[in-house]
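The values are calculated or read from the model by the stated rules, or taken from the named source; none is laboratory data. Note that the structure is a prediction, hence the values are computed from the model and not measured. Here the Cβ positions follow ideal geometry from the backbone for every residue, glycine too, while neighbour counts run over all protein chains shown. Protein only, heavy atoms only, side chains kept; ligands, DNA and RNA dropped before computing areas. Shrake-Rupley method; radii C 1.70, N 1.55, O 1.52, S 1.80 Å.
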Amino acid sequence: LKTWQQAFSGNTTDVAFHPLDDQIIYAYRNTGTDRNYLKRSSNGGSSFSNSGQFLDNSNALIFLSTSKSQPGHIYAASKNNIYKSANTGVFFTKLTNPDEDCQGFAVSDLDVNNMIYGYVDLQASTDNGSTFKKVTKWAVQDDAYVHADLRTVQCINGVFYVGTDGYLAKSSDNGSTWTTLNDGTAIREFYAVGLSQGNYDVNMAGSQDNGTSIL
């Protein structure tokens, strides 16, 4: 696209697209009184207006997801509720409230029964958001370990991909098991570096949720 025009102002934190109709675009504006409403465009993004309301959301950050398996549906998630609309965002119903904060959410592109939601740990639903089950454990490094602090989720051909503060991971079985995609890469965010006062050959550095290193 060579040119752009502003449809509305404010802190827009998520956008989703109707899988079949390129004229229908959804957005979430995390600003003012719009925080508990979906913004919807029916003219390809030329203009947006407030549409379905997220009841009892209490201004929490919303994440949006659509699926080509149910093109008319749009789903939304916050730390307070999971929401579903079966009429392209005109009206939302509450589904459930998983026992976890929310910094990422996605519905499977092949089956809307399957969803991934979470923040420190991940929760999965296989019944269209009626119930969720914790499927990863940040505090225990066993087979269910996935690095904490979810930042983004996407489902492509039924495979869920998650980006966290530590790495990328994927699940091909709706969250039951996870595979680390970039294990061993030297990507770390160091918060502080220290030099030993007794032995200048010894250095120590602490990183964001990725341990302490000594040289």
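The table below gives the values:
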| read-out | value |
| --- | --- |
| Residue list for the stretch 147-179, filter: of a type in the set (Val, Ile, Thr) and surrounded by fewer than 16 Cβ atoms within 10 Å (Cβ to Cβ) | 152, 156, 177, 179 |
| Residue in the stretch 88-97 that is of a type in the set (Gly, Ala, Ser), at negative phi, part of a loop (DSSP other than H, G, I, E, B) and touching a residue at least 60 places away in the same chain (Cβ under 8 Å) present | no |
| Subset of the stretch 180-197 [in a loop (DSSP other than H, G, I, E, B) and either β-branched (Val, Ile, Thr) or surrounded by 12 or more Cβ atoms within 10 Å (Cβ to Cβ) (or both)] | 181, 185, 187, 188 |
| Condition met for residue 85 (farther than 21 Å from residue 170 by Cα and either crowded, with 21+ Cβ neighbours inside 10 Å or at pLDDT 95 or above (or both)) | yes |
| Residue identified as among the small types (Gly, Ala, Ser), open to solvent by 50 Å² or more (accessible area, probe 1.4 Å) and over 16 Å from residue 78 (Cα atoms) among 51, 42 | 42 |
| Condition broken by residue 10, with the remaining ones in (1) closer than 25 Å to residue 122 by Cα; (2) free of Cβ contacts under 8 Å to residues at least 40 places away in the same chain satisfied | (1) |
| Among the candidates 108, 130, residue that is open to solvent by 20 Å² or more (accessible area, probe 1.4 Å) and small (Gly, Ala, Ser) | 130 |
| Unique match (being over 20 Å from residue 80 (Cα atoms), among the aromatic types (Phe, Trp, Tyr) and either more than 23 Å from the chain's Cα centre (by Cα) or modelled with pLDDT of 95 or more (or both)) among 17, 63 | 17 |
| Near pairs, Cβ below 8 angstrom, 6+ apart or cross-chain, from the stretch 46-71 (within 14 Å of residue 92 (Cα to Cα) and of a type outside the set (Gly, Ala, Ser)) to any residue that is loosely packed, with under 14 Cβ neighbours inside 10 Å and at pLDDT 95 or above | 64/15 |
| Top-ranked residue of the stretch 54-74 - restricted to ones that are touching an Asp or Glu at 6+ places or on another chain (Cβ under 6 Å) and in a strand (DSSP E or B), ranked as most open to solvent (accessible area, probe 1.4 Å) | 63 |
| Conditions (1) out of contact with any strand residue (DSSP E or B) (no Cβ under 7 Å at 6 or more places or on another chain); (2) assigned to a strand (DSSP E or B): number failed by residue 200 | (2) |
| Exclusive hit being out of contact with any Ser or Thr (no Cβ under 6 Å at 6 or more places or on another chain), of a type outside the set (S, T, N, Q) and touching a residue at least 40 places away in the same chain (Cβ under 8 Å), set 148, 106 | 148 |
